[in-house]
Amino acid sequence: MERCTMSPARAENDVTGVVTNIQHFSVHDGPGIRTLVFLKGCPLRCLWCGNPETQAFRPEIGSVAERCRPGCSACREACPAGALARGTSGVMLPDTSFCRECAPLSEGRPPCAAACTAGALRVYGTRRGAGEILDEVEQDIVFYRHEGGGMTLSGGEALAQPEFALALLREAGRRCIHTALETCGFVPSETFLTACSLLDYLLFDLKLADEELHERATGVGNARILENLRLARAAFPHLPIRVRTPVIPGVNASRAAVRALGEHLMDMRNISWELLPYHAYGNAKYAGLGRRCREYAVPDGECMKELEETARHFARVVSAEEHAGSCL
């Protein structure tokens with residue numbers, strides 16, 4: 001990998017992709033202070049997904065309930081298809097069956113969002129260039145140098161936009177920016193291994209060991225996911241890998257489920273394992289997108305400690321800082 005040349009590659013900078021957000025000063029998604037770049041689109045449909053706005057590959061319109069003004073219909077009047085309707089809660093919601101996905105949607109604000117003076121309609125997904133993204137990421141470089149850190153690609157599934165994700169990683173390397181990737185692992189192995197060759201750190205999601213249960217909970221099987229983890233460990237033995245497992249009561253919040261996952265990790269070196277308790281922070285986004293979400297209990301601290309104790313038999317466990325809720 002060509003690193004720290006300080007002369008940007010024009011071809012990489014010109015590659016574009018759809019991004020939902022750039023989050024600065026994150027401390028939970030890789031070492032040090034991170035700048036998270038959220039790419040849109042994901043091949044999985046996890047029942048508990050906390051970022052539903054990143055699932056579809058196309059830009060979308062979502063409403064922000066607390067900003068919507070009762071009695072106002074400026075957005076619907078501005079929409080050429082009239083593809084908004086007031087829901088039972090009184091909030092204007094997009095009707096995806098009628099939305100024409102206006103041309104400006106991928107580049108900026110469509111007519112409905114532009115007409116809303118309260119800012120109650122949000123565009124999820126904007127097409128941006130890799131060079132433009134890295135220019136913004138690079139503004140945080142002073143923090144990386146003093147506190148450690150760098151850029152983390154997330155999603156959605158970042159590698160579901162392979163050309164764009166790889167361009168971002170290559171350009172970050174040229175600018176001496178530490179690179180990390182959060183991935184579900186359900187991507188072509190060639191793309192995945194190419195990305196690994198450009199990484200300083202890998203965050204790899206593992207949810208369930210049982211193939212049938214995995215498909216039921218996420219919409220896809222896990223054979224490719226497990227194989228990609230094995231390939232990455234074999235091809236890049238010095239690449240630090242943090243395996244992360246969301247703990248979902250009723251899905252995988254059991255010692256048996258943790259043991260089954262652990263058996264895939266026990267012979268791997270340079271691996272750490274983090275169990276992340278389910279949270280409901282993303283539930284409001286479903287309503288804003290006109291969709292329903294499944295609700296789960298939040299595992300309590302005692303439940304998490306028991307599962308972490310089991311996980312320690314297989315890998316070095318990184319404990320979550322806070323656990324709250326009820327264990328079912």
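The values are calculated or read from the model by the stated rules, or taken from the named source; none is laboratory data. Predicted, not measured: the structure shown is a model, and the values here were computed from it. Here the Cβ positions follow ideal geometry from the backbone for every residue, glycine too, while neighbour counts run over all protein chains shown.
Condition test on ARG294, is it of a type in the set (Lys, Arg) and more than 20 Å from LEU226 (Cβ to Cβ)?
Here the answer is yes, as ARG294 does meet what is asked.
Could you go through the range 267-278 and let me know if any residue there is modelled with pLDDT of 95 or more, outside any loop (DSSP other than H, G, I, E, B) and in contact with a His (Cβ under 6 Å, 6 or more places away or on another chain).
Checked against the condition, which is being modelled with pLDDT of 95 or more, outside any loop (DSSP other than H, G, I, E, B) and in contact with a His (Cβ under 6 Å, 6 or more places away or on another chain), the range 267-278 yields at least one hit.
Scanning the range 177-190 for residues that are within 16 Å of ARG230 (Cβ to Cβ), out of contact with any Cys (no Cβ under 8 Å at 6 or more places or on another chain) and not acidic (Asp, Glu), which turns out surrounded by the fewest Cβ atoms within 10 Å (Cβ to Cβ)?
Checked the range 177-190; the qualifying residue surrounded by the fewest Cβ atoms within 10 Å (Cβ to Cβ) is PRO188.
In the range 207-223, what residues are without any contact (Cβ under 8 Å) to a residue 40 or more places away in the chain, in a helix (DSSP H, G or I) and buried (at least 16 other Cβ atoms within 10 Å of the Cβ)? Show your work before the answer.
Filtering the range 207-223 for residues without any contact (Cβ under 8 Å) to a residue 40 or more places away in the chain gives 211-216, 221-223.
Among the residues that remain, those that are also in a helix (DSSP H, G or I) are: 211-216, 223.
Passing the criteria: LEU213, HIS214.
Just need a number here: residues in the range 255-295 that are more than 28 Å from ALA180 (Cβ to Cβ) and without any contact (Cβ under 8 Å) to a residue 24 or more places away in the chain.
Of the residues in that region, 3 qualify.
Go through the range 49-90 and give me each residue that's surrounded by 21 or more Cβ atoms within 10 Å (Cβ to Cβ) and either within 26 Å of the chain's Cα centre (by Cα) or in contact (Cβ under 8 Å) with a residue 60 or more places away in the chain (or both).
Correct list: PRO52, GLU53, THR54, GLN55, PRO59, GLU60, ILE61, GLY62, SER63.
Quick test for you: out of ALA223, ALA234, pick the one residue that is over 18 Å from the mean Cα position of the chain (by Cα), at pLDDT 95 or above, within 24 Å of PRO43 (Cα to Cα) and of a type in the set (A, V, I, L, M).
From the options ALA223, ALA234, the qualifying one is ALA223.
So, ALA115, is that one in contact with a Cys (Cβ under 6 Å, 6 or more places away or on another chain) and either small (Gly, Ala, Ser) or farther than 30 Å from LEU181 by Cβ (or both) or not?
Yes.
For CYS42, state whether it is more than 21 Å from ALA130 (Cα to Cα) and within 14 Å of the chain's Cα centre (by Cα).
no
Please work out which residue is surrounded by the fewest Cβ atoms within 10 Å (Cβ to Cβ), limiting yourself to the range 256-291 and to residues that are over 30 Å from ALA232 (Cα atoms) and among the hydroxyl-bearing types (Ser, Thr, Tyr). Break it down into steps so the answer makes sense when it comes.
Residues of the range 256-291 over 30 Å from ALA232 (Cα atoms): 280-291.
Checking which are among the hydroxyl-bearing types (Ser, Thr, Tyr) leaves us with 281, 286.
On the way: TYR281: 9, TYR286: 18.
The qualifying residue surrounded by the fewest Cβ atoms within 10 Å (Cβ to Cβ) is TYR281.
State which residue pairs qualify: first residue under 14 Å from ASN252 (Cβ atoms) and assigned by TED's automatic domain parsing to the domain that holds ASN270 and inside the range 296-324, second residue of a type in the set (A, V, I, L, M, F, W, C) and at pLDDT below 95 in any location, beta carbons under 6 Å apart, and separation of 6 or more residues or different chains.
Short answer, once both residue conditions are applied: ALA297/LEU328; PRO299/CYS327; CYS303/CYS327.
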